[in-house]
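To start, the structure under review is shown below, and the notes come after it.
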Amino acid sequence: MTFTTGAALLDAIVLAAVSKESDGSYGYKITQDVKQVIDVSESTLYPVLRRLQKDDCLHTYDRQCDGRNRRYYKVTERGSAQLNLYRGEWREYSSKISSLLLAQ
């Protein structure tokens with residue numbers, strides 16, 4: 001059985017993955033980092049990255065890598081604030097769920 005991942009949780013996970021690197025991260029690495037914690041396809045993640053960029057939570061820039069441009073995503077100040085909000089909400093939510101699911 002798997003639990004579904006809503007848009008807000010997916011946004012939080014992507015922001016957390018991108019924020020791990022001070023210079024930002026590129027699409028494939030973000031996908032691999034997210035796949036370590038939830039089962040998600042690249043076709044699901046790229047629209048999330050675009051939405052977060054449109055919402056000014058991520059900034060993009062290109063960098064040369066092996067003769068090709070690689071698109072990097074970096075968390076903005078607004079993205080950091082949103083991630084902190086998500087973290088606080090997650091602590092409260094997961095605590096309540098755990099207290100019910102894990103109660104004996």
For the stretch 1-64, which whole percent of the accessible surface, found with a 1.4 angstrom probe, sits on carbon and sulfur atoms? 51
Give me the net charge of residue 64's neighbourhood, meaning all other residues with Cβ under 12 Å from the Cβ of residue 64; Lys, Arg count +1, Asp, Glu -1. +2
Please list, ordered by chain and number, the residues whose modelled amide H lies under 5 Å from the amide H of residue 26; skip anything fewer than 5 residues away on the same chain. 73
Could you give me the percent of Cα pairs per 10 Å distance bin for the chain, shortest bin first, beginning at zero and ending with the bin that holds the maximum distance? 14, 44, 29, 10, 3, 0
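I'd like the per residue volume of the convex hull spanned by the Cα atoms of the stretch 3-62, given in cubic angstrom.
Values: hull volume 4.8 nm³, N = 60.
Here the figure is 81 Å³ per residue.
Which of the peptides 91-102, 23-34, 55-66 is most tightly packed, and how do the rest follow, going by the mean number of other Cβ atoms within 10 Å of each residue?
Result, highest mean Cβ count within 10 Å first: 23-34, 55-66, 91-102.
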Placed amide H near residue 55: partners under 5 Å, 5+ positions off or other chain: none
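With +1 on the Cβ of every Lys and Arg and -1 on the Cβ of every Asp and Glu, and nothing else charged, how large is the dipole of the chain about its Cα centre, in debye rounded to the nearest 20? Mind showing how you got there, number by number?
Working: 15 positive and 13 negative charges, 25 e Å.
It works out to roughly 120 debye.
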For the stretch 3-20, Karplus couplings with θ = phi - 60° (6.51, -1.76, 1.60), whole Hz, Gly/Pro x: 8, 7, 10, x, 4, 5, 5, 5, 4, 4, 5, 5, 4, 5, 5, 5, 6, 5
Across the stretch 35-47, in residue order, what do the Karplus-derived ³J(HN,Hα) couplings come to in whole Hz, using 6.51 cos²θ - 1.76 cosθ + 1.60 with θ = phi - 60° and x for Gly and Pro? 5, 5, 10, 9, 8, 8, 9, 4, 5, 7, 6, 5, x
Report, by chain and number, residues whose modeled amide H sits under 5 Å from the one on residue 70, excluding near sequence neighbours (fewer than 5 apart, same chain). 63, 64, 65
Charge context of residue 55, other residues only, Cβ under 12 angstrom, K/R +1, D/E -1: +2
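With every protein chain present, what is the per residue accessible area of the chain (1.4 Å probe, Å²)? Before the final figure, lay out the partial values.
Numbers: 7320 Å² over 104 residues.
It amounts to 70 Å² per residue over the chain.
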Residue-wise, which Karplus ³J(HN,Hα) couplings in Hz belong to the stretch 79-86, taking 6.51 cos²θ - 1.76 cosθ + 1.60, θ = phi - 60°, and x for glycine or proline? x, 5, 5, 5, 4, 4, 5, 4
Provide, for the chain, the number of lysine pairs with alpha carbons under 24 Å apart, each pair being eight or more places apart or on different chains. 9
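Run lengths n ≥ 4 of DSSP H only: what is the helix-derived mean residue ellipticity at 222 nm for the chain, with -39500 (n - 2.57) per run over all residues, to the nearest 500? It would help to have the intermediate numbers written out before the result.
Working: 4 runs with 60 residues, N = 104.
My calculation for the chain gives -19000 deg cm²/dmol from helical runs alone.
The values are calculated or read from the model by the stated rules, or taken from the named source; none is laboratory data. What you are looking at is a predicted structure, and each value in this text was computed from that prediction instead of being measured. Here the Cβ is made from the backbone with ideal geometry for all residues, glycine too, and neighbour counts use every protein chain on show. Keep in mind that these areas ignore ligands, DNA and RNA; they rest on the heavy atoms of the full protein, side chains included. Shrake-Rupley method; radii C 1.70, N 1.55, O 1.52, S 1.80 Å.
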